[in-house]
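In what follows, a single structure is set out as structure tokens and then discussed.
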Amino acid sequence: MAEIKRTPPVEARWLGGYRASVSTRHFTVQVDEPPSAGGSDAGPMPTEYLLISLASCFALAIAHVARRDGVELSPFSVTAQGTYDGPCLSDVELSVRLEGPRPPVMDELLVKARRVCYVSNTLARQPTLTAHIVE
């Protein structure tokens, strides 16, 4: 039987209002809502962290497949933006902006990056989500 690999735990500690302090490994980040949603704007919203995770993972995936394929890339950025649909995002769009010349294989790199990006794969496959109380 294959070994089950799990992510490091991420713990969100409620700080009152709509604020939380989130820790994983040796990193801590703040989460909050903007004042228009009742928060104090002490950090990005949870949906923004979702998009941050997606954009950064996809950027690293592009760099990974380019390096693996021997393709030299100029600096680039990945922007993620979602459309709110009630209590979820109905769609998410990734835009890649190259600062230098476009490699002829760039479209192929995006396809390959999509295959190895953990965050986009997780969103596409809709993992089982459970919630339970720990005594």
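Meeting the requirement of 2 or more residues that are free of Cβ contacts under 8 Å to residues at least 40 places away in the same chain and crowded, with 16+ Cβ neighbours inside 10 Å, the helices (runs of 4 or more DSSP H) wholly within the range 23-127 are 46-68. Among the residues of the range 93-135, those identified as in contact with a Ser or Thr (Cβ under 9 Å, 6 or more places away or on another chain), among the aliphatic types (A, V, I, L, M) and within 16 Å of Ser56 (Cβ to Cβ) are Leu94, Val96, Ala113, Val119.
Where a number appears in this text, it was derived from the coordinates with a stated rule and is not lab data. The structure presented is a predicted model; accordingly, all values stated were derived computationally and were not measured. Please note: Cβ atoms are built from the backbone with ideal geometry, for glycine as well, and neighbour counts cover all protein chains shown.
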